[in-house]
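Peer 1: Below: one structure in structure tokens.
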Amino acid sequence: MSAPQGGPLPGPAEPGSEAPGGKRRPHGMLKLYYGLPDPAGEARGGLAPGGDPGGPTDINGAHFDPEVFLTKLRKECSLAQLMDCETDMVKQIRALDSDMQTLVYENYNKFISATDTIRKMKNDFKKMEDEMDCLAANMAVITEFSACISSTLQDQHEQITKLSGVHTLLRKLQFLFELPARLTKCVELEAYGQAVRYYSKARSILHQYQHMPSFQGIQDDCQKIMASLAQKLREKFRDGGSGAKDLAECVELLLQLDEPAEELCDEFLSHACCRLEAELEALEAELGQPGGAPITDILEFIDRGCNIFVSNMCLVIASYQELFVSREGVQSITRMAQDKLVAFVNSLMETYFSLVERRIQLEKGVGDNSLLVRALDRFHRRLQALAKLLPASNVAAEGTEIVVRAAKERIRQYLLALQSFYQDCLTDVRQSLAAPRLAGKESPNLAELLGTISASVLNQIKSVLTYVHLFTAKDITFSNKPYFKGEFCSQGVREGLIVGFIKSICQTARQFCESTGDKGGSTPPALLLLLSRLCLDYETSTISYILTLTDEQFLVQDHSPITPVTSLCAEAREAAQRLLNHYVKVQGLIISQMLRKSVETRDWVNTIEPRNVRAVMKRVVEDTTSIDVQVGLLYEEGVRKAQSSDSSKRTFSVYSSSRQQSRYAPSYTPSAPLDTNLLSNIQKLFSERIDIFSPVEFNKVSVLTGIIKISLKTFLECVRLRTFGRYGLQQIQVDCYYLQLYLWRFVCDENLVHFLLDEIVGSTAHRCLDPVPMEQSVIEVICERG
């Protein structure tokens, strides 16, 4: 088998170089034939044993020498190896023949198709050559005829050109002579635009040849006609029924007739002003009568204003700019027209803004304000479109200021609403506290009232925050303004609304602590106690919760100074402290008033021998027990000092101590008072000082201790102002022993009660004309019986 021309014959492949299944790939043979690299060739055998690649023994190389190859094989291989090599070569030759045959069969159709295509192209090119020859001949004939025609008409060309120019001139002259009639016809048909175009086309020629009588007459006639046309256009321009398109056409034609631009600007704006002012009057009518309710809601009012007044204002601005500002002309006229437009827009928009603000001020409801926010959003959106038309105006800034003022006013209204709601809650609590007392029923549970008012106020705050949060919603256009991203959140909502409300709660608490005036004098003590606990709860948890909730809803991007939580908590705690102190004072004064009247209204010198405890002492114990229950509903027990086991059996005889025995010994002489006073004063020097009106702690024991201190101190001072007989002293002994039996368990230190009651009995003995004390056993019997 001979090798194809143009390349060496591929060498025999090694055994195992066939593709899987015993078949070789044809494209591998093609690569070998055309000298392309074949990865499979690496595994293909083609060297004699010990041969060099590319040498004469490389059967696949370009310098292959069969004789050298065979000689090398005979020398280096055994007979078995030679037989194997022959067998492999035979197999490879057969495989190559098979691949070549397969390659020919697979490409036979392609070869046939290529042959047909080449044969057809030969025929088509031959036909095209004939057509090109024919075309060249025709072009030669055409060129010859053209040259002949040009040479024939060369003499008459200049004459024809001259006659054509004369014809054109005659047509122009004919147009000029017919111009007055044409203009008159256009005016009669109200084709004012066509008349202006005719006149504009001929005006420069008439002006150039006006020194000629014929042209001057034509010019005079045309000027009269156009003056009449200008007058009609001005009348149409001033006609209030003309639409925007008609106005624009009138202005355009008048400007083409060289009418003064400034006068046209003024007339255009004056005409537009009449229509826009009428729309403003219609808007103002929707506000209703002063002091009355508006006719439409805020959203409908804003929609009417935007869809009618603002839309027409935009049309006026666009038309005006197209007619006067955007025209190519003198720069000074453009600037003049722009200034007039800005002044006109600012003036009318100021009136519109005042109407919008009046309508916003009529929104007094403090519920859901989504309608107001949507109205402000539409108002702001439309103003942005107007501002794009006329960037030189201050419409956008003024509109944003109106939205900002509306938001501030809304915050102020919500603050007032929260304060009013809080006052209503206090009124409800007052009624709840007063109703059972008037009906003779039990007082309501203060803990339940506290929970109710706390939950109500907190829910109201959350609702208000939800309403206010609408101003910062992502779909609201003005929410991305710097004010609503910063100052509105920090100074408006947090400081103005939430912090302001918390401070108002504390301020209200301080007002309740005023001892003079209607509010301080008529406040139920239970309300003072409840409010003190409310302020304490705010200090411990509620304030932090509310401010955290506010900061989460309103992501503050402002660095303005804000009130720290610790400051508010300290203010709330101070208010709670003042309320609790005032509660102790009020309750102490109520009990003190009973004791004072009981002492002042009795004749202690001539009183009868005591047989029982006075009713006022029983009332004191009952009221103290009631206060203990009341305070226990809101405050924890507190810490007491260790109590002695015989606290309830301690005696209050004037002889029960060495001090008293020396003071009231049976050998009483006129000089004794001096000695006893001295001993009493010395004893007081070494006793612990009792601060009657000291601040109380936030627990039940401290509160009751404060009330009892005030009551017993008042009792002591009233005793010091009276004179007693024997039975008066004994009655005081009985009363003090009865108080000691019950009051010691309410205070933090029973020694305080003992000391004050000792002082009362001692002061009574000091002021007794016949200081003979009652036996302790008798006192106990009377108190047990009482």
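Peer 1: For segment 373-412, which residues satisfy the criterion of being within 16 Å of the chain's Cα centre (by Cα) and over 15 Å from V356 (Cβ atoms)?
Peer 2: Hits for segment 373-412 are K408, I411.
Peer 1: Mind checking which residues of segment 558-583 are open to solvent by 80 Å² or more (accessible area, probe 1.4 Å), β-branched (V, I, T) and farther than 15 Å from G492 by Cα?
Peer 2: T566 - this is the single residue of segment 558-583 that is open to solvent by 80 Å² or more (accessible area, probe 1.4 Å), β-branched (V, I, T) and farther than 15 Å from G492 by Cα.
Peer 1: Let me ask something else. Within segment 502-521, is even one residue among the polar types (S, T, N, Q), closer than 23 Å to P561 by Cα and in contact with a Phe, Trp or Tyr (Cβ under 9 Å, 6 or more places away or on another chain)?
Peer 2: Checking segment 502-521: at least one residue is among the polar types (S, T, N, Q), closer than 23 Å to P561 by Cα and in contact with a Phe, Trp or Tyr (Cβ under 9 Å, 6 or more places away or on another chain).
Peer 1: Tell me the helices (runs of 4 or more DSSP H) entirely within segment 485-549 that contain at least 1 residues that are open to solvent by 30 Å² or more (accessible area, probe 1.4 Å) and at pLDDT 90 or above.
Peer 2: The qualifying helices (runs of 4 or more DSSP H) are 500-512, 525-537.
Peer 1: Now a separate question. Restricting segment 172-220 to residues that are basic (K, R) and open to solvent by less than 90 Å² (accessible area, probe 1.4 Å), which is modelled with the lowest pLDDT?
Peer 2: My answer is R203.
Peer 1: Another question, then. Tell me the residue from S420, S454, S393, S432 that is of a type in the set (S, T, Y) and either touching a Ser or Thr at 6+ places or on another chain (Cβ under 8 Å) or within 22 Å of Q553 (Cβ to Cβ) (or both), please.
Peer 2: S454
Peer 1: Only residues in segment 174-198 that are at positive phi count as the first member; pair them with residues that are assigned to a helix (DSSP H, G or I), Cβ under 9 angstrom, at least 6 apart or cross-chain, and list the lot.
Peer 2: From residues that are at positive phi, the pairs are E190/K232.
Peer 1: So which residues in segment 103-139 are of a type outside the set (D, E) and touching a helix residue (DSSP H, G or I) at 6+ places or on another chain (Cβ under 9 Å), if there are any at all?
Peer 2: L103, V104, F111
Peer 1: Filter segment 80-92 down to the residues that are open to solvent by 90 Å² or more (accessible area, probe 1.4 Å) and among the aliphatic types (A, V, I, L, M) and list them by number.
Peer 2: Scanning segment 80-92 gives a single hit, M83.
Peer 1: Quickly run through segment 336-395 and pick out the residues that are open to solvent by 40 Å² or more (accessible area, probe 1.4 Å) and acidic (D, E).
Peer 2: If the condition is that a residue be open to solvent by 40 Å² or more (accessible area, probe 1.4 Å) and acidic (D, E), then D339, E350, E357, E363, D368 are the ones that fit.
Peer 1: Same structure again: Take I708 and decide whether it is closer than 25 Å to R578 by Cα, part of a helix (DSSP H, G or I) and open to solvent by less than 20 Å² (accessible area, probe 1.4 Å).
Peer 2: Yes, satisfied.
Peer 1: Quick one: is Y635 open to solvent by less than 60 Å² (accessible area, probe 1.4 Å), under 30 Å from P444 (Cβ atoms), without any contact (Cβ under 8 Å) to a residue 60 or more places away in the chain and among the aromatic types (F, W, Y)?
Peer 2: no
Peer 1: Here's a follow-up. For the condition free of Cβ contacts under 8 Å to residues at least 60 places away in the same chain and either of a type in the set (K, R) or more than 30 Å from K340 (Cβ to Cβ) (or both), what is the one hit in A434, A455?
Peer 2: A455
Peer 1: Kindly evaluate E322 against the criterion of being surrounded by 15 or more Cβ atoms within 10 Å (Cβ to Cβ) and over 34 Å from the mean Cα position of the chain (by Cα).
Peer 2: Taking the combined requirement at face value, the residue does not satisfy it.
The values are calculated or read from the model by the stated rules, or taken from the named source; none is laboratory data. Not measured: the values here are computed from a predicted model. Backbone-built Cβ (ideal geometry, glycine too); neighbour counts: all protein chains shown. For accessibility, only protein heavy atoms count, side chains too; no ligands or nucleic acids. Shrake-Rupley method; radii C 1.70, N 1.55, O 1.52, S 1.80 Å.
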